[in-house]
There are 2 protein chains.
Amino acid sequence: MAYRETSKIRERKQATHSTIVSHALAMLNEVGFSGLQMAALANRCGLATGTLYRYFPSKEDLCTVLFAHATDIEIAQVEQHLSSTTDTASERIAAALSTFAKRALRAPITAWALIAEPVAPAVIAARLHYRERYAQLFANAIEQGVATGELPAQDSSLSSRALVGAIAEALIGPLAKTEQLDAHAAVQTSVAFCMQAISARPWPSAHLASSITHK
Amino acid sequence: MAYRETSKIRERKQATHSTIVSHALAMLNEVGFSGLQMAALANRCGLATGTLYRYFPSKEDLCTVLFAHATDIEIAQVEQHLSSTTDTASERIAAALSTFAKRALRAPITAWALIAEPVAPAVIAARLHYRERYAQLFANAIEQGVATGELPAQDSSLSSRALVGAIAEALIGPLAKTEQLDAHAAVQTSVAFCMQAISARPWPSAHLASSITHK
DNA sequence: CTAAAAAATGAATCATGATTCACTTCTTGT
DNA sequence: ACAAGAAGTGAATCATGATTCATTTTTTAG
């Protein structure tokens, strides 16, 4: 008998695994999921194409892992802001939105990949999970604010999705001209937009109903 | 000499052209741009694959035409609401947002295809054009409201993008559970969200600045 | 009816990119 | 040094789907 897995090997495999993941995350932010080609990734890692398949059974599995990595980091940060107990609900939400917005600006393609890029079914499942966690986080925070009377009553689940959508579209929608924006100002403005939306007293729905109806 | 293009033929060709476009629009709303396969489309039109190529030089060209068609219809409707002079700026904007929201709910995949689906470069160009027209429309309406004092001063271009993003994400983001929503209520709620965002007096940016800064 | 010209056809070809696998190189315990 | 068992390799294979083009069908004018 001869070969037996030793810790040296185990570590090397772990290192290779990390190498693959980190290079893949970098590529994800350059070309999105669909542009992430296995051959190119292997090349970038200094590995053969086939080697990737010793670590991940398919591109879809790799993408799912990437998705989980990218979102865990992001959600952990947002969660941290939202779970603080020192500030008011509004302040917590504003801080969390800023974090989200800044990350979106810093890594626009990743943000787009996580939020909107069409992906394989298995990855879609991961995305729904991600959206749900996100929606839950913000929805809870909004509900806390509503409970204390700090915010007006509202459909917290819809509001939380609208928050994410507003920021995502405002910041990453026009990928073409990201560089033209003053990033700090853009973050501040879009967070303010969101805070107004959830803080304001309900917009007269009588007007709304009539203006909807008469067409 | 013999064959000469006659009006009979010209009309038939026009009819075929329309057939292709309308079936393609239908498919677009089922599977998006990337799922739109030339062979399947031809089959659906009762034509041979090759015939499509007598009418459109490539799938990319076809998609560009589809994009223009879909957006022209949508933008015309929104424009109509925004250009009315009888209502207040807020009412005009609310009506236009409702129209946008309803269309998004009725044709969610098309909405997603127009707004966010990754597409070929030529189609991206069409999309930027579309976004710009949209942003212009809403931005103008917001500025009118600001000019009359009806709305507070704001970055109209950012606001208009955030409006579209908020509604899009709130309504089409969770494609999976669209059917669970009460459509009418969802439209009304997300429009209200938007109206609050642009109508409210600026959210205290002092709070914002501090909560951003201390992390 | 016939020939010329165009339109339609759809099987074959191309292009792209994921996945496989026979083979080579390493590692390890004796 | 050796044999067993992995790990790594990358060219070949597959799958998908757009595009082409030689052939067939239509249309038209004389």
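The values are calculated or read from the model by the stated rules, or taken from the named source; none is laboratory data. Everything numeric in this text was worked out from a predicted model, so none of it was measured. Note: ideal-geometry Cβ built from the backbone for every residue, glycine included; neighbour counts use all protein chains shown. Accessible surface areas use protein heavy atoms only, side chains included; no ligands, DNA or RNA. Shrake-Rupley method; radii C 1.70, N 1.55, O 1.52, S 1.80 Å.
Selection of helices (runs of 4 or more DSSP H) fully inside the stretch B:1-85 by the criterion of at least 1 residues being within 14 Å of chain A (Cβ to nearest Cβ) and either away from DNA strand D (no atom under 16 Å from the Cβ) or open to solvent by 40 Å² or more (accessible area, probe 1.4 Å) (or both) returns B:7-35, B:59-83.
Checked across the stretch B:44-55, the condition of being hydrophobic (A, V, I, L, M, F, W, C) and more than 12 Å from DNA strand C (Cβ to nearest atom) holds for no residue. Residues in the stretch B:86-102 that are part of a loop (DSSP other than H, G, I, E, B) and in contact with a Gly (Cβ under 9 Å, 6 or more places away or on another chain): B:88 only.
Criterion applied to B:126, B:162, B:170, B:166 was being away from chain A (no Cβ under 11 Å) and either of a type in the set (S, T, N, Q) or out of contact with any strand residue (DSSP E or B) (no Cβ under 9 Å at 6 or more places or on another chain) (or both), and the one residue passing it is B:126.
When B:99, B:110, B:148 are screened for being at pLDDT 85 or above and facing chain A (nearest Cβ under 10 Å), only B:99 passes.
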